[in-house]
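Read the figures in this text as sums done on the coordinates, not as results from a lab. Quantities reported herein were computed from a predicted structural model and do not represent experimental measurements. Note that we place each Cβ from the backbone using ideal geometry, even for glycine, and neighbour counts take in every protein chain shown.
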Amino acid sequence: MASLGDRVFDEGLTVLSDEANKISITSQEATTYTGGNSTYALGSSTSLSIGSPADRSGGGREVTVSAISDGSVSGTGTATHYAILDTSNSRLLATGSLSASQSVTNGNSFTLASFKIGIPDPS
């Protein structure tokens, strides 16, 4: 089995910091851009900041998604996941579970704590 160097991981993670321009909170995990941008979206923010790749605890590489403080809720329901999007190219770049589900109501706001997205070293 081959091993990959940090640069290979970094190039994959750099797409997030270079191309992501929107984060949505969603009612379920999105598997497509449309799912993350509209079908399951309950709110969003375009104040997205993602750091450069760095060493990941336990091995591998990761990026940190900065906290979101200005999310705008556009639907009513329970947000369980996030979707990171590249709206310029209609791409879903990353998705995952929120640390805790959150009931949201159209017209309100939301916040998210910072979190990490990583690629582990092969075991």
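Observations on the structure shown:
- Sorting the segments 79-88, 107-116, 44-53 by their mean number of nearby beta carbons within 10 angstrom, highest to lowest, gives 79-88, 44-53, 107-116.
- Taking the C-alpha atoms only, the angle from helix 6-19 to the longest principal axis of the chain is near 20 degrees.
- Spin-label model, residue 52/residue 39: points 7 Å from Cα along the beta carbon direction are separated by 3.7 nm.
- Dipole size of the chain about its Cα centre, with +1 on Lys/Arg Cβ and -1 on Asp/Glu Cβ: approximately 260 debye, rounded to the nearest 20.
- Environment charge of residue 4, counting only residues whose C-beta is closer than 12 Å and scoring Lys/Arg +1, Asp/Glu -1: -2
- Region 1-41 residues near the modelled residue 70 label - backbone nitrogen below 18 Å, point 7 Å along Cα→Cβ: 20-25
- Remark on the chain: hydrodynamic radius 14.8 angstrom, per the Kirkwood mean of 1/r across alpha carbon pairs.
- Whole-number percent relative contact order across the chain, with pairs defined as alpha carbons under 8 Å at least 6 apart: 30 percent
- Neighbourhood charge, 15 Å Cβ-Cβ cut-off, centred on residue 91 and excluding it, Lys, Arg +1 and Asp, Glu -1: -2
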